[in-house]
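Undergrad: Got a structure here, written out as structure tokens. Questions coming.
The values are calculated or read from the model by the stated rules, or taken from the named source; none is laboratory data. Model, not experiment: these values are computed from the prediction. All Cβ positions, glycine included, derive from the backbone under ideal geometry; neighbour counts span all protein chains shown. We work out accessible area using only protein heavy atoms, side chains counted, and drop any ligands, DNA or RNA first. Shrake-Rupley method; radii C 1.70, N 1.55, O 1.52, S 1.80 Å.
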Amino acid sequence: MAFVCTLDGNTRFEFMQDGPSAVVIVRVGCDHEEGANWFVHVGLDVMAGGDLEYFFRLWRVDAFSGRETAYNSGRETAHAIHGDDRTEVLKAALMATRLLLEHAQPDRVYRVTYDASPPDSALEKHHAISDVFYSCGYRVFRYDEFHGQRMWWMERDTVAGVDQRGESCLDRAVDGGCDEPRDADTRDGRDGGTGSAASEPLAVES
């Protein structure tokens, strides 16, 4: 494979929503040799009980057959996307996350790592995602691990509120933070880490 990053100042982020479920999609690269396109999907899925789960995955779409392959772990894409390209793809995912929160405005969101016992390098992505939630006016809580998977709850702060889109009144907690709700595990200092939907294209500089 020969992944070519296509992110630039003209990159478009597309927001789609179907009820409480929502997704932001952005094309991040292509593979000329294999005739494939790569996309970041960042979104909210409805869980059992009605809560929303945040997800972040990459999709590879074969331009000829239309076959789609989803990748939920960085380990799965390490063979294709390397070095600075991985950094640029993550930046696009973080921008997509911000747009998702600004447009969908969920009150409460759950997040869990796909991999069990992820290394510190893999958790950096989740720390960055937590920072985006903080900056968008959410409190972030980390709970005890379940079979090695890290879990977080993000709740919109209704006391401090949000001054304007994307700017929280909250101070960023030094330890990556939490308010230590029931069963919270705060031992790790930085973890505090589509159908007929309507579509809205968003032009954003990456």
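Undergrad: Sort 10-19, 122-131, 66-75 for me by packing, meaning the mean count of neighbouring Cβ atoms within 10 Å per residue, highest on top.
TA: 122-131, 10-19, 66-75
Undergrad: Quickly work out the residue 87-to-residue 108 label distance, labels modelled 7 Å from Cα along the C-beta direction, and quote it in nm with one decimal.
TA: 3.9 nm
Undergrad: Determine the gain in length on full extension of the stretch residue 67-residue 115; use 0.36 nm per residue of separation and subtract their C-alpha separation, reporting nm with one decimal.
TA: 14.8 nm
Undergrad: Report in % the part of the accessible area of region 11-59 that belongs to carbon and sulfur, leaving out ligands and nucleic acids; probe 1.4 Å.
TA: Result for region 11-59: 49 percent of the exposed heavy-atom area is carbon or sulfur.
Undergrad: Can you give the Kirkwood hydrodynamic radius of region 1-98 from its Cα pairs, in Å with one decimal?
TA: Radius from the Kirkwood sum: 14.1 Å.
Undergrad: So, for region 1-136, what is the accessible surface per residue at a probe of 1.4 Å, expressed in square angstrom?
TA: 46 Å²
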